[in-house]
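Okay, so here's the structure we're looking at.
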Amino acid sequence: MSEPIAAVIDTWHEFLRGARPDALDELLDDDVVFHSPIVFTPQRGKAITTLYLTAATQALPGDAPTGDDAGDHPADVAMPGGSFRYTKQVLSGDTAVLEFETTIDGLYVNGVDIIRCNPDGRIVEFRVMIRPLQAVNLVHRQMAAMLESMSSSG
């Protein structure tokens with residue numbers, strides 16, 4: 001019997017690869033709680049979590065891989081066109097911890113996504129942690145710009 005989180009993470013990876021652009025609606029519970037590294041208070045609800053995750057996938061794919069980095073990671077855990085990739089994955093019961101790395105404007109960004117699902121296979125909690133401090137500041141600027149762009153175009 002597989003862990004409930006396994007199917008959720010498979011779908012999450014499909015979403016990141018661009019194979020399932022509408023998967024967030026299926027994945028996120030209506031009452032999901034999103035913990036951002038750049039916003040102090042938890043963000044509650046499907047709409048705001050969708051906004052943040054969509055902005056992140058557009059703002060943070062990272063620099064295009066070059067040289068030795070190109071093709072150096074498994075395609076099932078990487079966003080196309082950028083250096084973002086999951087490097088480690090731990091699944092247990094209803095929770096996944098996915099370590100990621102990317103390079104943005106030449107700056108190394110390392111972090112984890114901690115994802116928890118309910119028995120129905122919907123994400124009820126999504127927590128992002130990023131390091132080092134320079135990366136947090138850069139991600140804050142990137143996300144602010146992407147959210148501003150998304151709100152002015154919608």
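A few remarks follow.
- Ordering Arg131, Arg85 from the fewest to the most neighbouring beta carbons within 10 Å gives Arg131, Arg85.
- Once the convex hull of all Cα atoms in region 82-154 is built, its volume per residue stands at 114 Å³.
- In region 4-153, Rg over Rh equals 0.94, where Rg is the alpha-carbon radius of gyration and Rh the Kirkwood radius from pairwise Cα distances.
- Which of Leu133, Leu60 has the fewest Cβ neighbours within 10 Å, and the rest in rising order: Leu133, Leu60
FYI, it's all coordinate maths here, none of it is from the lab. Quick caveat, the model's predicted, so the values are computed rather than measured. As a convention, Cβ positions derive from the backbone with ideal geometry for all residues, glycine included, and neighbour counts pool all protein chains shown.
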